[in-house]
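The values are calculated or read from the model by the stated rules, or taken from the named source; none is laboratory data. The structure displayed is predicted, hence computed values, not measured ones. All Cβ positions, glycine included, derive from the backbone under ideal geometry; neighbour counts span all protein chains shown.
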């Protein structure tokens, strides 16, 4: 327990809560045979129907060859398909399959349950305030919205 003389170690608490939240989220995904990294990519594709492999690599901040590996896993699971772009035949656009859309619907339910569990100690106003404060911190660190930095450092590995 922290006393008034102790300083709250915010960075450590963020790391501790983040690790616990990530572990619980990964456990929730077990039945779907997906990793948190898989879900992040599916969310990006679902949010941008004309997203190309190259644009996805740019958004994730990784080499295009790494995106190929990440997409191969999702394609093998029947969740994503690569479609030759009608605007630029040199590029492939990414699309969710019917199975991918079904997984995303299930993910919305999983995500809501996860959010409720992780923030259950807070009131709605406190959740909003925490979200706003964390958004300010993320912005100040130059983090890309909706993209986990684990793609860049390799901690969100395929199948991982």
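Odds and ends about this structure:
- Conditions (1) farther than 30 Å from residue 130 by Cβ; (2) touching a strand residue (DSSP E or B) at 6+ places or on another chain (Cβ under 7 Å); number of the one not met by residue 56: (1)
- Residues in the stretch 106-151 that are at pLDDT 95 or above, surrounded by 11 or more Cβ atoms within 10 Å (Cβ to Cβ) and assigned to a loop (DSSP other than H, G, I, E, B): 119, 122.
- Lone qualifier among 62, 67 - being touching a helix residue (DSSP H, G or I) at 6+ places or on another chain (Cβ under 6 Å) and part of a helix (DSSP H, G or I): 67
- Residue in the stretch 47-55 that is closer than 29 Å to residue 10 by Cα, touching a helix residue (DSSP H, G or I) at 6+ places or on another chain (Cβ under 8 Å) and surrounded by 16 or more Cβ atoms within 10 Å (Cβ to Cβ) present: no
- Residue within the stretch 81-93 that is over 18 Å from the mean Cα position of the chain (by Cα), over 15 Å from residue 21 (Cβ atoms), loosely packed, with under 12 Cβ neighbours inside 10 Å and modelled with pLDDT of 95 or more present: no
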